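The values are calculated or read from the model by the stated rules, or taken from the named source; none is laboratory data. Note that the structure is a prediction, hence the values are computed from the model and not measured. Cβ sites come from the backbone with ideal geometry, for glycine too, and all protein chains shown count toward neighbours.
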Amino acid sequence: MRVLNDPHVPCVPDAPRAWPAPQAPSVRQVSRVPDTPQAPRTPRVPRALRSVGVSAALAAALLFATACGAAEAPTAAEASPEASRGHAVAGDLEVSGAWVPEPANPEVAVLYLEVANAAARDAAITGVSTDASPDADLCSTETTDSGASGMRVVEEIPVAAGGATALVDGGYHIMLNDLPEPLEVGDGVEVTLTFDGDREAVFTAPVEPMTAGSAPEADHGGHH
């Protein structure tokens, strides 16, 4: 209340002062963007385990390659038919590559082989016997003056000292006559080959397809 100096002027009370209305505190609206879900993190593999995993993978790859190579590799018999053919040794004489082509005539067959002589003196095949036929002959194919080829039975087949003689088509060979049963691929013929000096070589000659091929067609210092 104000106090006036004039006593005659009535006192008028002061009007109440209007105070500004309280204002509500301002609130700043913030729009919140929802968080983007993140993919779960892959657990970290310890370095030691990673090394073990790599080693195992390399070992598996090596094993697979080895297995494939072993499956594809040909056997010794497939790579060389000579490995499965008849073989025997009689002193300084060695018989190898003995086989019988599947006969075209069921009553007659032929035996091919090679004989090597490591001795310093000549040797000779003097006889032969088999379990496939009661009659077997040492034979030679010869060409006549007219150019015709003919076969004749011989008493022996020479094998020169330090050389070898191949029994092949068109040269020396062994005939198996009067076969009681036809020979088929997969059969085996038991053969006893006799040499001079009463030496013997016993072996089994497999029967193979005619296209299997013969022993070497040329000897090494011997005769045909």
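Below is a table of values for the structure above.
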| item | result |
| --- | --- |
| Residue that is surrounded by the fewest Cβ atoms within 10 Å (Cβ to Cβ), among those in the stretch 128-165 that are of a type in the set (Gly, Ala, Ser) and within 16 Å of ALA205 (Cβ to Cβ) | SER129 |
| Long-range neighbours under 6 Å by Cβ, at least six apart or interchain, first residue at positive phi within the stretch 126-153, second exposed (fewer than 14 other Cβ atoms within 10 Å of the Cβ) and outside any strand (DSSP E or B) | none |
| Residue check, ASP187 crowded, with 16+ Cβ neighbours inside 10 Å and among the charged types (D, E, K, R) | yes |
| Filter result (in contact with a Pro (Cβ under 8 Å, 6 or more places away or on another chain) and either of a type in the set (Lys, Arg) or modelled with pLDDT under 95 (or both)) within the stretch 183-213 | MET210, ALA212, GLY213 |
| Considering residues of the stretch 159-218 that are among the aromatic types (Phe, Trp, Tyr) and either part of a helix (DSSP H, G or I) or more than 16 Å from SER84 (Cβ to Cβ) (or both) only, the residue farthest from the chain's Cα centre (by Cα) | PHE195 |
| Count - residues of the stretch 163-214 that are farther than 20 Å from ALA116 by Cα, small (Gly, Ala, Ser) and touching a residue at least 60 places away in the same chain (Cβ under 8 Å) | 1 |
| Some residue of the stretch 114-124 being under 26 Å from LEU183 (Cβ atoms) and buried (at least 17 other Cβ atoms within 10 Å of the Cβ) | yes |
